[in-house]
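What follows is a set of notes on a single structure, which appears directly below.
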Amino acid sequence: MSRNRYSPTPDDNDGEELLPPRMPTDDLPPLLPPLQPDGGGRRGGRPKGFFDMAQLERETLGELRERAKDLNIGAAGKMKKDDLIIRLLQTQAERQGLELRGGVIDIVDDNIGFLRSEHYLPGPDDIYVSPSQIKRFALRTGDLVVGQVRPPKDSEKYFSLLRVEAVNGQDPETAKNRPHFEKLTPIFPTEQYDLETPGKSSMRLLNLVAPIGKGQRGLIVAPPKVGKTTILKDIANAISAKYRDTHLMVALIAERPEEATDFDRSVDAEVISSTFDEPVQSHVRVAEMVLNRARRLVECGRDVVVLLDSLTRLSRAYNLTVPSSGRTLSGGVDPAALYPPKQFFGAARNIEEGGSLTIIATVLVDTGSRMDDMIFEEFKGTGNMEVHLSRKLADRRIFPAIDIERSGTRRDEVLLGDKVAQKTYLMRRMFGQLTTPAPQGAGYDLTQAMELFLARFGKTKSNEEFLASLGASGM
């Protein structure tokens, strides 16, 4: 994909140009003080009353509202502190004849960057970021950068970032000292995402058979048409409703366009999609930007959840884009094509220093494709949580079509607590008795056992009530 490339001007000995060539600064609005030669996008000689992100963060909400009153900003009394800070910076930029805009930075060749917006893909509204700004603030691909920009002039193609106001919601000087994701210490998940939602039997059941913790690396193993999309939506809605501080991202790779629209409208999350009619390079770019964005948030101590649909289609996309290694596995899979998806999935972890990255990815089976089977075999066992959906249950319209005996989470007793864990083990033994051949068990097939289980399960309003009832009688 061709891009408009910029290189340092000949008289820039240190290579720290602030703006691309043909972007002179002597015609900036008169309210802006002149650019300083530090190449960082920060300014000296600030005008009276000037404020920046660091100064606003130190002020109380009351002081911010007083500032807003002086600047005639309406409805300031109803805004949260973070929203009010952005509104103040935006008003200041507008009064200087500029705009306050932001986007997720994508650092490309020659160490130049562009702030992306729509699905993190290149577009005409991208904002150019110079190498000097990237170096000055130690920007990394995936950072959310907000700053003052000006429109292109003459033959220029992109908006240009003039001043960095915030990086990932923090003061730029603070953000540049954050640790690198790779140097953070991964540990087992220790805190559960409680997904139990009234009226959602799928989330109640998932809480018991395959609990999800902060930092979980989970696979949803699904044949076609068994309800995996519905389960992903239920997980997303449960997390967004109960954990407002968790940053939730949904990555849809090679999905149907109508499914992407429905997901975007159904869940309160950041939905990033690349539909099946787009080039495979778009699938790869979206996945890599989602991963980098998630890493940057975790470096700031945030809890992040990424729902990926699907790991199979992502692996297929890499199989078409990576240079051939000269070797081929069964089904036509190049071994080199599996490394990037494994890197994506393997990034999930709980962080000892604070923060977590949880990744729940779907993987397709029973599609009739040997390649899909090979991809599943490569990822089987790499997660610490697996949910298996049953075609047999779905064909009988028994939902949620979760195969209780094959689904589970490693070290689930840490998440559930010993008392609840013992109850779930009892539940599994009782369910196993239903499917065990006579005379040792009841001799039911999976569909009969699940119907009986869900009938008992549906009579209780909560998992606590259901587990308490297990000792009273059988299923």
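With respect to residue 83, is the statement that it is under 27 Å from residue 290 (Cα atoms), part of a helix (DSSP H, G or I) and of a type outside the set (Lys, Arg) true?
On the way: under 27 Å from residue 290 (Cα atoms): yes; part of a helix (DSSP H, G or I): yes; of a type outside the set (Lys, Arg): yes.
Answer is yes for this residue.
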Just checking, does the range 296-311 include any residue being more than 20 Å from residue 180 (Cα to Cα), at pLDDT 95 or above and in a helix (DSSP H, G or I)? yes
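Return the residues of the range 209-233 that are in a strand (DSSP E or B) and among the small types (Gly, Ala, Ser); say none if nothing qualifies. If you could, list the steps in order and put the result at the bottom.
Kept after step one, since they are in a strand (DSSP E or B), are these residues of the range 209-233: 212-213, 217-222.
Result: 213, 218, 222.
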Scan of the range 140-167 for residues that are crowded, with 22+ Cβ neighbours inside 10 Å, under 21 Å from the mean Cα position of the chain (by Cα) and closer than 21 Å to residue 89 by Cβ, ordered by number: 143, 145, 146, 166, 167
Single match in 108, 145, 149 (criterion: modelled with pLDDT under 95, closer than 20 Å to residue 180 by Cα and in contact with an Asp or Glu (Cβ under 9 Å, 6 or more places away or on another chain)): 145
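Out of everything in the range 273-324 that is among the hydroxyl-bearing types (Ser, Thr, Tyr) and either out of contact with any Pro (no Cβ under 8 Å at 6 or more places or on another chain) or surrounded by fewer than 21 Cβ atoms within 10 Å (Cβ to Cβ) (or both), what residue ends up being farthest from residue 174 (Cα to Cα)? I'd like the intermediate steps shown before the answer.
At the first step, the residues of the range 273-324 found to be among the hydroxyl-bearing types (Ser, Thr, Tyr) are 273-275, 282, 310, 312, 315, 318, 321, 324.
Remaining after also requiring either out of contact with any Pro (no Cβ under 8 Å at 6 or more places or on another chain) or surrounded by fewer than 21 Cβ atoms within 10 Å (Cβ to Cβ) (or both): 273-275, 282, 310, 312, 321, 324.
Numbers: 273: 32, 274: 34, 275: 37, 282: 33, 310: 36, 312: 39, 321: 38, 324: 42 Å.
Per the stated criteria, the residue is 324.
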Per the filter on the range 237-273, residues within 30 Å of residue 413 (Cβ to Cβ) and in contact with a strand residue (DSSP E or B) (Cβ under 6 Å, 6 or more places away or on another chain) are 238, 239, 240, 246, 247, 248, 249, 250, 269
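Sort through 156, 182, 173, 191 and tell me the only one that's under 30 Å from residue 457 (Cβ atoms) and charged (D, E, K, R).
Working: 156 fails: under 30 Å from residue 457 (Cβ atoms); 182 fails: under 30 Å from residue 457 (Cβ atoms); 173 fails: under 30 Å from residue 457 (Cβ atoms).
Matching residue, one of 156, 182, 173, 191: 191.
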Please specify each residue of the range 364-399 satisfying the condition of being under 19 Å from residue 254 (Cα atoms), in contact with a strand residue (DSSP E or B) (Cβ under 8 Å, 6 or more places away or on another chain) and of a type outside the set (Phe, Trp, Tyr). 364, 365, 372, 375
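Identify the residue in the range 378-390 that is in contact with a helix residue (DSSP H, G or I) (Cβ under 8 Å, 6 or more places away or on another chain), within 14 Å of residue 346 (Cα to Cα) and not β-branched (Val, Ile, Thr) and, among all such residues, is surrounded by the fewest Cβ atoms within 10 Å (Cβ to Cβ). Walk me through it before giving the result.
Quick first cut of the range 378-390, residues in contact with a helix residue (DSSP H, G or I) (Cβ under 8 Å, 6 or more places away or on another chain) only: 378-379, 382-383, 387, 389-390.
If we keep only those that are within 14 Å of residue 346 (Cα to Cα) as well, we get 378-379, 382-383.
Right, trim to not β-branched (Val, Ile, Thr) and you get 378-379, 383.
Values: 378: 18, 379: 20, 383: 24.
For the range 378-390, the residue satisfying everything is 378.
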Here are some conditions: (1) in a strand (DSSP E or B); (2) in contact with a Lys or Arg (Cβ under 8 Å, 6 or more places away or on another chain); (3) of a type in the set (D, E, K, R). Residue 165 meets all but one. Which one does it not meet? (2)
Return the pairs, sorted by first residue and then second, in which the second residue is in a helix (DSSP H, G or I) and surrounded by 13 or more Cβ atoms within 10 Å (Cβ to Cβ), the first residue lies in the range 419-434 and is free of Cβ contacts under 8 Å to residues at least 24 places away in the same chain and at negative phi, the beta carbons are less than 8 Å apart, and the residues are 6+ apart or on different chains. 421/412; 421/413
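Is it true that residue 246 is surrounded by fewer than 17 Cβ atoms within 10 Å (Cβ to Cβ), without any contact (Cβ under 8 Å) to a residue 60 or more places away in the chain and of a type in the set (Ser, Thr, Tyr)?
The answer is no for residue 246.
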Total residues in the range 427-475, condition of a type in the set (Ser, Thr, Tyr) and more than 25 Å from residue 416 (Cα to Cα): 4
Can you tell me which residue within the range 354-363, out of those that are surrounded by fewer than 24 Cβ atoms within 10 Å (Cβ to Cβ) and touching a strand residue (DSSP E or B) at 6+ places or on another chain (Cβ under 7 Å), is nearest to residue 225 (Cα to Cα)? 362
Residues of the range 318-340 satisfying the condition of being under 19 Å from residue 377 (Cα atoms) and free of Cβ contacts under 8 Å to residues at least 40 places away in the same chain: 318, 327, 328, 332, 334, 335, 336, 337, 339
Can you pull out the residues in the range 88-101 that are within 27 Å of residue 140 (Cβ to Cβ) and part of a helix (DSSP H, G or I)? 88, 89, 90, 92, 93
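Which of the following residues is closer than 25 Å to residue 181 by Cβ, of a type in the set (A, V, I, L, M, F, W, C), buried (at least 20 other Cβ atoms within 10 Å of the Cβ) and in contact (Cβ under 8 Å) with a residue 12 or more places away in the chain: 375, 351?
Numbers: 375 fails: closer than 25 Å to residue 181 by Cβ.
None of the others qualify; the one that does is 351.
Select, from 185, 190, 197, 174, the only residue that is out of contact with any Ser or Thr (no Cβ under 9 Å at 6 or more places or on another chain) and farther than 21 Å from residue 354 by Cα. Can you show your working first?
Working: 185 fails: farther than 21 Å from residue 354 by Cα; 190 fails: farther than 21 Å from residue 354 by Cα; 174 fails: farther than 21 Å from residue 354 by Cα.
On inspection, the qualifying residue turns out to be 197.
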Would you confirm, using the coordinates I've provided, whether residue 442 is exposed (fewer than 15 other Cβ atoms within 10 Å of the Cβ), out of contact with any Asp or Glu (no Cβ under 8 Å at 6 or more places or on another chain) and of a type in the set (Gly, Ala, Ser)? no
In the range 421-473, residues that are of a type in the set (Ser, Thr, Tyr), in contact with a Ser or Thr (Cβ under 8 Å, 6 or more places away or on another chain) and within 14 Å of residue 208 (Cβ to Cβ) total 2
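The values are calculated or read from the model by the stated rules, or taken from the named source; none is laboratory data. Quick caveat: nothing in here was measured; it's all calculated off a predicted structure. For neighbour counting, all protein chains shown are included, and Cβ atoms are generated from backbone atoms with ideal geometry for every residue, glycine included.
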